[in-house]
Amino acid sequence: MSPSLTASQVAHWLAEHPDFFEGREALLDKLHVPHPLHGGAVSLLEYQVASARAKADDSTQALSALSQGARQQKGSHQRLQQVLLALMDADSADALAQQLALQLDEHYGVTWLSLWRDATPSAPCHPPTHGLNQVIVNHIHAVPEHAHGVAFVPDEVLYRRLQPEALGTPCPTRLVELPLGSRSAFLVLSAKDDTLDRTTACFLADVVSRLLERHLS
């Protein structure tokens, strides 16, 4: 009597003879395996059909998610590019702030913007640009999040100080410092439902800082 075969030996032999079931379709109908999704015993043919359908569904979902992500990324790059092109066209420090306010409102839903910097005779400040003073600096330095562009909701007094043109109740606000050599400037962005993330806010602040230096030099 020949010794019985182990499951691994059978599997190995079938792998070496993939054509074994050719001409033995009746044998295939007798083989039952667990359903790949719902459990229970089904024929090998049903198993293959269900497994293939599940893989196809997974592939379709993955492709759909990938396509959606690509579209969103493309849209994000396009609107950021539009903002940057508009900023580079500004011909003065004030025009730069005004263009930034328009672009962020249109593309990111930023309702209120204030740019605080030193006013000089050759570069006076007009809204949304405001002359920086020690009172404002003290208020800004009292908010630890300002260096990171993290959104927070200021109290009424701070909100009115930082956003002198804003109307309504305080809404989420980002404070970002703009290094200007030996000087500093501050960008204040406020909106109830903006789509501006911290990374983009800090990137735009860096661009504005470089352009502002050019206009104030």
- Can you name every residue in segment 80-102 that is within 18 Å of Gln163 (Cβ to Cβ) and open to solvent by less than 40 Å² (accessible area, probe 1.4 Å)? Asp94, Ala97, Leu100, Ala101
- Message: Which of the numbered conditions does Leu45 fail, given that it passes all the others? Conditions: (1) open to solvent by 60 Å² or more (accessible area, probe 1.4 Å); (2) modelled with pLDDT of 65 or more.
- Response: (2)
- Hey, among the residues in segment 168-217 that are acidic (Asp, Glu) and part of a helix (DSSP H, G or I), which one's nearest to Ser122 (Cα to Cα)? Glu213
- Message: So, in segment 169-217, how many residues would count as being touching a residue at least 60 places away in the same chain (Cβ under 8 Å) and touching a Cys at 6+ places or on another chain (Cβ under 7 Å)?
- Response: 3
- Message: Among the listed residues Ser184, Ser190, identify the single one that is open to solvent by less than 70 Å² (accessible area, probe 1.4 Å) and modelled with pLDDT of 90 or more.
- Response: Ser190
- Item | Positions within segment 112-139 being part of a loop (DSSP other than H, G, I, E, B) and surrounded by fewer than 19 Cβ atoms within 10 Å (Cβ to Cβ), in sequence order | Asp118, Ala119, Pro121, Ser122, Pro124, Cys125, His126, Pro127, Asn133
- Note on the structure: Within segment 200-217, the count of residues that are open to solvent by 10 Å² or more (accessible area, probe 1.4 Å), polar (S, T, N, Q) and over 19 Å from Gly109 (Cα atoms) comes to 1
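The values are calculated or read from the model by the stated rules, or taken from the named source; none is laboratory data. From a predicted model like this one, the values you see are computed outputs, not experimental measurements. Here Cβ is always computed from backbone atoms with ideal geometry, including for glycine, and neighbour counts include all displayed protein chains. Side chains are part of the model used for accessible areas, which takes the heavy atoms of the whole protein and leaves out ligands, DNA and RNA. Shrake-Rupley method; radii C 1.70, N 1.55, O 1.52, S 1.80 Å.
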